[in-house]
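Structure first, then comments.
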Amino acid sequence: MVAQVGSALSQPAPDGARPAAVRIDNVSHEFPGSRQRNALPIRALADVSVDVPPQTFVSIVGPSGCGKTTLLRIVDGLVIPTAGTVWIDGAPVTGPARDRAMVFQDADLLPWRTTLANVMFGLEVHGAPRARCEAKAREAIARVGLEGFEQHYPGQLSGGMRQRVGLARALSTDPRLLLMDEPFGALDAQTREAMQEELLRLWEQDQKTVVFITHSIDEAVLLSDVVVVMTARPGTIREVIPIELPRPRWREEDLRGDPRFAEYRRRINALLHESRQPTE
Amino acid sequence: MAQSVSLELRRTKAAPRLRGLADNYRLLGAALLVLILAVWETVTRLGLIDPLILPAPTAIAAAALKVFVQTREIYPHLWVSFQEGLLGFGLAVVVGVPLGLVLGRSRLFRALFEPYVMALYSTPQVAFFPLLIIALGIGLWSKVALVFFGAVFSILINTQAGVINTDRRMIEMARSFTASELTIFRKVILPASVPFIIAGMRLGLGRALIMVFVAELFSATEGIGYMIVRAGALFDTPKLFVGVLVMTLAGVLISEGMKRLEHRLVPWLSIREEETR
């Protein structure tokens, strides 16, 4: 049974890479257990199926250890699942590819490169000519609001700025699918809110397909068109909740006070609380 | 109101005195040096210490003048020692860095060769010297070889550590952008290893310097080490001191040079250190 995720958007994407449709098809994954202790394999994911139409912003929430990050890495092609397939626009995922980009929790910037060089890294690896790498990098840096910091090293940037560099790096490759693994998790509350607003603004501009992992229910409801709730390990889909709040979300004055927001929050919280009960 | 004003006054009174002291550290350091030299000179002049064991600074200065300016005998010695050091260390870098990279990268090579590397590293390299003399003669090359053995393991082992210590998350990030193994090596692993390589080179340099001296100790007709030993045998202690001071100076200059090189090659490292202070 495939969980259907509705698309709340009808606006076409501006020119550029066409946003991807993602289909996660009966994906299961096991990690081999520790050889030293002759341990059993760890079942991280069990039969996960999700359908994500193009231009949808999907958040995945779930208890710690439920396999969200593993699932994201499977979608990116960094991990080959032990069962099942991920289809992107009808083509199966067999490894990392140029049409998708990932933003990591710790940004993973190369400390010996300046901001500009770090943002250029993605396109460099793709083999683009240097002039183009630099032009797109500067564009992306402007979009995330880091103009003036091109020559700074990561060690000189704050946490929020480093995350923005990571985001710029991903955006500069014009991906059709953007994968984000708790990108704001390590930030303080105020920076986090500012980054959420910036992400919403950015997303409004070209509405890529985004798969976003977070621990924060508020963040998920605020940012997404759909929230996917997972169970504890082995992770499966507990429920798929379309978020029918109007966009653009950053225009709403304190959307978090809205009763509809509170209702979504309550529902998701209840589901997660259930999941936390031990099942085995 | 009155209390806060008096606090301020107290603070501004104390501040200039402290600041004045900080500016004077250099002056104090220089003054200390002069004091030491003065005491040293006096003690030897008064005959409290046998000048054979500890000559006066003026005697050392005179000997330095003699070997550097009058007889100019020190220059061939300097040149020979320099050659031994440069060739030996250069070879150690050229061999040690690539081998370190390979051993770091390949689990197979590590499993096969690490035991030998550790065994050779643990052996006091000086023990190889008689063997090297038999193989390469008593000329320049046996000494170059000893310097090479002294330095190469530090470089190799530290390079290897640099490769192994590269943050896996950076590698995974590069993979997510579809980087090939070669690209990952060139753009992530290699730059990440540079601080380790430099650390290995610094250690290797120290050992190379020691090996230059030791090699000349054993069998030489030229070189600073030889000059020191011969001066000792002839009880020409001032000249001996000149030789030792030359080696000290060489060590200090090389160390400073490496620090400058590091700052240029790895500017991001010192920037990070500045920020956390």
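Each reported figure results from applying straightforward, stated rules to the coordinates on display, with no laboratory input. What you see is a predicted model; the values in this text were computed from it and never measured. No Cβ is skipped: glycine too gets one built from the backbone with ideal geometry, and neighbour counts run over all protein chains shown.
For the stretch A:197-231, which positions are part of a helix (DSSP H, G or I), more than 13 Å from the chain's Cα centre (by Cα) and surrounded by 23 or more Cβ atoms within 10 Å (Cβ to Cβ)?
Within the stretch A:197-231, A:Val221, A:Leu222 meet the criteria.
In the stretch A:68-81, is there at least one residue being outside any loop (DSSP other than H, G, I, E, B) and within 10 Å of chain B (Cβ to nearest Cβ)?
Yes, the stretch A:68-81 contains a residue that is outside any loop (DSSP other than H, G, I, E, B) and within 10 Å of chain B (Cβ to nearest Cβ).
Pull out all pairs, ordered by first then second residue, where Cβ-Cβ is under 8 Å, the residues are six or more apart or on different chains, the first lies in the stretch A:132-145 and is in contact (Cβ under 8 Å) with a residue 12 or more places away in the chain, and the second is in a loop (DSSP other than H, G, I, E, B) and of a type in the set (D, E, K, R).
A:Lys136/A:Asp174; A:Arg138/A:Glu150; A:Ile141/A:Glu147; A:Ile141/A:Glu150
Do we have B:Leu131 as away from chain A (no Cβ under 12 Å) and surrounded by fewer than 19 Cβ atoms within 10 Å (Cβ to Cβ) here?
Yes.
Residues of the stretch B:166-203 being in contact (Cβ under 8 Å) with a residue 40 or more places away in the chain, within 13 Å of B:Arg105 (Cα to Cα) and β-branched (Val, Ile, Thr), which ones?
B:Ile189
Can you pull out the residues in the stretch B:190-209 that are farther than 15 Å from B:Leu261 by Cβ and within 14 Å of chain A (Cβ to nearest Cβ)?
B:Leu190, B:Pro191, B:Ala192, B:Ser193
Does A:Phe121 satisfy the condition of being under 24 Å from B:Val194 (Cβ atoms), touching a residue at least 60 places away in the same chain (Cβ under 8 Å), of a type outside the set (Lys, Arg) and within 12 Å of chain B (Cβ to nearest Cβ)?
no
Being within 12 Å of chain A (Cβ to nearest Cβ), buried (at least 20 other Cβ atoms within 10 Å of the Cβ) and among the aliphatic types (A, V, I, L, M) is the filter here; which residues of the stretch B:163-183 pass it?
Within the stretch B:163-183, B:Met170, B:Met173, B:Ala174, B:Ala179 meet the criteria.
Residues to consider are A:Asp89, A:Asp25; find the one that is within 22 Å of A:Arg176 (Cβ to Cβ) and in contact with a Phe, Trp or Tyr (Cβ under 8 Å, 6 or more places away or on another chain).
A:Asp25
Residue check: is A:Gly84 closer than 22 Å to B:Trp268 by Cβ and in contact (Cβ under 8 Å) with a residue 12 or more places away in the chain?
no
Considering each residue of the stretch B:69-92, count those that are in contact with a helix residue (DSSP H, G or I) (Cβ under 6 Å, 6 or more places away or on another chain) and assigned to a helix (DSSP H, G or I), and give that number.
Residues that pass the stated criteria total 10.
Residue check: is A:Ala194 assigned to a helix (DSSP H, G or I) and more than 21 Å from A:Arg249 (Cβ to Cβ)?
No; evaluated as a whole, the condition is false for this residue.
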